[in-house]
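*Asks:* Please find one structure pasted underneath; my questions will follow.
The values are calculated or read from the model by the stated rules, or taken from the named source; none is laboratory data. It should be emphasised that the depicted structure is a prediction, and the values quoted were computed from it without experimental measurement. With ideal geometry, Cβ positions are generated from the backbone for all residues, glycine too; neighbour counts draw on all protein chains shown. Please note that ligands, DNA and RNA were not included when accessible areas were found on the heavy atoms of the full protein model with its side chains. Shrake-Rupley method; radii C 1.70, N 1.55, O 1.52, S 1.80 Å.
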Amino acid sequence: MADTLASLRSFMASHSPPLDALVVPSEDYHQSEYVSARDKRREFVSGFTGSAGLALITMNEARLWTDGRYFLQATQQLSDQWTLMRIGEDPAVDTWMADNLPAYAAVGIDPWCISVDTAQKWECAFAEKQQKLIQTTTNLVDEVWKSRPPVETNPVIVHPLEYTGRTVADKLKDLREKLKNEKAYGIIITTLDEVAWLCNIRGNDVSYCPVVHAFAIVTSNSAFLYVDKRKVSSEVNSYIKENGIELREYTAVSSDVLLLASNQLDSTSAVEGNHAEVTNGININSSEIDIVGNGIAESKSNKADLIWVDPGSCCYALYSKLNSEKVLLKQSPLALAKALKNPVELDGLKKAHIRDGAAVVQYLFWLDKQMQEIYGASGYFLELESANKKKDSETRKLTEVTVSDKLEGFRASKEFFRGLSFPTISSVGPNAAIIHYSPKAETCAELDPNSIYLFDSGAQYLDGTTDITRTVHFGKPSAHEKACYTAVLKGHIALGNARFPNGTNGHALDILARIPLWKDGLDYRHGTGHGIGSYLNVHEEPGYYEDGNFGIRLENVLIVKEGNTKFNFGDKGYLSFEHITWAPYQRKLIDVSLLIPDEIDWLNNYHSKCRDILAPYLDDSEKAWLKEATELIGA
């Protein structure tokens with residue numbers, strides 16, 4: 001690590017102009033949360049493995065900013081050469097740079113790894129002392145990373161209509177309508193899951209996320225997909241062409257954005273594209289052709305001269321090639337379109353969560369039995385002190401990793417399984433307080449019947465993506481552990497039962513999950529909710545983490561639906577949630593005296609549904625276990 005910092009500082013000093021600081025973010029060229037091995041530059045320079053964070057290297061300091069999910073983990077992983085900066089507690093990175101770097105300081109960035117929003121925000125912060133962002137022509141980390149993993153050429157896969165529910169032509173038609181409404185003649189799409197969603201393709205370029213490293217540009221009469229052509233089979237190539245999309249090399253996006261800026265990108269391809277439609281008999285319906293035709297006509301009469309760029313996800317490198325006066329900086333229209341699941345996607349998600357719930361129950365049943373046999377634990381149901389004596393040799397032991405592997409095995413046996421949706425968080429006792437803890441075989445803890453065990457996990461299935469968290473105890477939980485678990489559960493129920501007017505944002509609902517914790521002076525350092533893709537990305541959840549002792553998290557996936565309220569004040573329309581995750585909550589961790597009757601009714605109703613929905617996927621022993629796990633509370 002010391003050599004890495006020294007080498008980077010050498011490159012910073014010899015750079016023209018010399019750099020006072022170098023920013024190394026977590027993100028790749030697409031501002032992804034999870035990145036491929038060769039894009040883990042911030043991890044390489046700092047040793048910190050969390051998914052979120054930013055490293056700043058100056059000539060005599062190295063600082064790492066990360067959020068509350070990772071405070072404990074970063075403290076453990078960073079060497080004494082690094083200073084941890086806690087987001088929300090310490091000054092933000094732009095404030096720190098503006099205050100601590102000298103006037104006229106040069107701050108080096110790889111413009112491909114910084115978003116437009118971030119770059120503009122930093123430039124504003126730098127204005128007073130005339131500090132400046134310097135776009136490096138190469139990534140300096142890549143210059144010193146001698147063992148950087150090679151580029152992988154994983155195949156692009158067509159995601160069939162039976163899972164997507166909408167054709168590419170339909171999605172392109174909607175997108176072009178939105179372009180027309182915003183007086184834009186083109187859009188640059190950089191987010192990997194948006195490109196995959198729009199083109200109905202999937203891939204394996206990023207662990208846990210079935211996406212392809214690709215950009216897309218869509219104009220009023222053309223569409224381009226930028227991807228390493230080695231990943232595209234002749235069949236997939238034909239599919240892309242049949243959907244009115246021209247395939248280009250991944251690296252061509254840079255020069256094509258320059259052409260787009262001067263409105264020349266379509267000039268040749270539109271003619272070629274129309275010719276292809278005739279000769280290849282492309283199956284585009286008449287309304288689609290009308291839209292394309294009208295799009296061209298409209299752009300002349302309405303002066304559609306803007307290029308749409310999402311400032312939160314588009315990299316500064318591409319934005320810098322555009323005339324800023326002709327750019328529409330606005331969230332991508334695909335973000336909402338992708339979030340609004342169609343009936344086919346909703347049906348797939350529900351089915352995927354049922355199979356996944358069955359895997360979780362099978363896992364809990366297996367784990368309960370193992371904890372009793374190996375450790376003399378009282379088990380999932382009984383509330384007794386565990387003997388904590390291993391009956392067999394050292395070879396029979398359970399670790400955070402071995403049990404996590406077993407859970408993956410149960411999931412792998414289910415139909416349409418395609419892998420995990422994120423690294424399983426399998427954590428015992430103090431490790432459960434590390435919010436995004438990732439156990440390693442050589443250092444992970446052994447399971448302890450007298451400590452809380454938390455597992456946060458999910459899977460990718462062809463018909464949906466899952467994410468579930470449950471917290472359990474196989475011995476005798478303390479009154480404090482029960483009170484904390486029950487507070488988290490109360491927030492979980494309150495949020496799930498919420499009804500709220502159309503247009504309400506997540507921040508307004510967040511308080512519902514926290515109120516039971518706040519009542520006792522407790523809280524958690526992350527957001528409460530996140531979206532889930534349809535065989536796409538997974539991304540935080542009500543919980544309580546007591547540093548050094550234990551953590552509790554309960555997480556279900558919810559669908560937002562019509563609220564069916566008695567009244568409709570303001571004619572806004574009201575919404576509610578529907579749970580699609582099915583797995584029991586551990587009754588012995590619940591302090592029933594802290595629950596109100598409505599909460600008890602909700603729990604009993606949820607557990608009854610768990611039994612009915614999961615039973616067809618379980619054997620007789622598992623069914624009997626689930627029946628006991630879901631017995632009435634407070635009866």
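*Asks:* Which members of the range 430-446 meet the condition of being open to solvent by 20 Å² or more (accessible area, probe 1.4 Å) and over 20 Å from the mean Cα position of the chain (by Cα)?
*Replies:* Pro430, Asn431, Lys440, Ala441, Glu442, Thr443, Cys444, Ala445, Glu446
*Asks:* Of (1) of a type outside the set (Lys, Arg); (2) open to solvent by less than 40 Å² (accessible area, probe 1.4 Å); (3) within 31 Å of the chain's Cα centre (by Cα), Ile613 satisfies all except one. Which?
*Replies:* Exception for Ile613: condition (2).
*Asks:* Something else: Mind listing whichever residues of the range 552-569 are surrounded by 16 or more Cβ atoms within 10 Å (Cβ to Cβ) and more than 30 Å from Ser426 (Cα to Cα)?
*Replies:* Gly563
*Asks:* Kindly provide the set of residues from the range 600-635 that are of a type in the set (Ser, Thr, Tyr) and outside any helix (DSSP H, G or I), ordered by number.
*Replies:* Residue satisfying the conditions is Thr630 alone.
*Asks:* Oh, and also: Within the range 380-392, identify whether any single residue is out of contact with any Asp or Glu (no Cβ under 7 Å at 6 or more places or on another chain), open to solvent by less than 20 Å² (accessible area, probe 1.4 Å) and hydrophobic (A, V, I, L, M, F, W, C), and answer yes or no.
*Replies:* No: the range 380-392 contains no residue that is out of contact with any Asp or Glu (no Cβ under 7 Å at 6 or more places or on another chain), open to solvent by less than 20 Å² (accessible area, probe 1.4 Å) and hydrophobic (A, V, I, L, M, F, W, C).
*Asks:* Another question, then. Checking the condition at pLDDT 95 or above, touching a Cys at 6+ places or on another chain (Cβ under 9 Å), in a helix (DSSP H, G or I) and over 30 Å from Val45 (Cβ atoms), which residue from Lys178, Lys241, Lys171 passes?
*Replies:* Sole residue among the options that is at pLDDT 95 or above, touching a Cys at 6+ places or on another chain (Cβ under 9 Å), in a helix (DSSP H, G or I) and over 30 Å from Val45 (Cβ atoms): Lys171.
*Asks:* Having 1 or more residues that are at pLDDT 90 or above is the bar; report the strands (runs of 3 or more DSSP E) wholly within the range 470-566 that clear it.
*Replies:* Where strands (runs of 3 or more DSSP E) fall fully within the range 470-566 and carry at least 1 residues being at pLDDT 90 or above, they are 499-501, 550-553, 558-562.
*Asks:* Considering only the range 29-57, state which residues are more than 27 Å from Asp310 (Cβ to Cβ) and open to solvent by less than 10 Å² (accessible area, probe 1.4 Å).
*Replies:* Across the range 29-57, the qualifying residues are Val45, Ser46, Phe48, Ile57.
*Asks:* Could you tell me which residue of the range 31-67 is farthest from the chain's Cα centre (by Cα), considering only residues that are among the small types (Gly, Ala, Ser) and in a loop (DSSP other than H, G, I, E, B)?
*Replies:* Going through the qualifying residues, I end up with Gly47.
*Asks:* Could you check the range 76-102 and list, in sequence order, the residues that are within 23 Å of the chain's Cα centre (by Cα) and open to solvent by 50 Å² or more (accessible area, probe 1.4 Å)?
*Replies:* Answer for the range 76-102, where residues must be within 23 Å of the chain's Cα centre (by Cα) and open to solvent by 50 Å² or more (accessible area, probe 1.4 Å): Gln77, Arg86, Ile87, Gly88.
*Asks:* Within the range 330-379, can you find the residues that are assigned to a loop (DSSP other than H, G, I, E, B), touching a Lys or Arg at 6+ places or on another chain (Cβ under 8 Å) and either within 23 Å of Gly529 (Cα to Cα) or basic (Lys, Arg) (or both)?
*Replies:* Asn342
*Asks:* Could you tell me how many of the residues in the range 447-467 are surrounded by fewer than 20 Cβ atoms within 10 Å (Cβ to Cβ) and either polar (S, T, N, Q) or closer than 16 Å to Phe410 by Cβ (or both)?
*Replies:* 1
*Asks:* Right, next: Of everything in the range 2-21 that's under 22 Å from Pro149 (Cα atoms) and touching a strand residue (DSSP E or B) at 6+ places or on another chain (Cβ under 9 Å), which residue is surrounded by the fewest Cβ atoms within 10 Å (Cβ to Cβ)?
*Replies:* Filtering first and then ranking leaves Phe11.
*Asks:* Return the total of residues in the range 103-121 being more than 24 Å from Glu143 (Cα to Cα), open to solvent by 10 Å² or more (accessible area, probe 1.4 Å) and of a type in the set (A, V, I, L, M, F, W, C).
*Replies:* Counting residues in the range 103-121 that are more than 24 Å from Glu143 (Cα to Cα), open to solvent by 10 Å² or more (accessible area, probe 1.4 Å) and of a type in the set (A, V, I, L, M, F, W, C) gives 1.
*Asks:* Here's something else I'd like to know. Answer with yes or no whether Arg553 is touching a Ser or Thr at 6+ places or on another chain (Cβ under 8 Å) and closer than 30 Å to Val206 by Cβ.
*Replies:* Yes, satisfied.
*Asks:* Of all the residues that make up the range 158-175, how many are within 23 Å of the chain's Cα centre (by Cα), β-branched (Val, Ile, Thr) and surrounded by fewer than 19 Cβ atoms within 10 Å (Cβ to Cβ)?
*Replies:* 1
*Asks:* Now for a separate question. Give the residues of the range 329-348 that are under 19 Å from Ser421 (Cα atoms) and buried (at least 23 other Cβ atoms within 10 Å of the Cβ), sorted by residue number.
*Replies:* Gly348
*Asks:* Ok, one more. Among the residues that make up the range 207-219, is at least one of them under 25 Å from Glu177 (Cα atoms), crowded, with 23+ Cβ neighbours inside 10 Å and among the polar types (S, T, N, Q)?
*Replies:* yes
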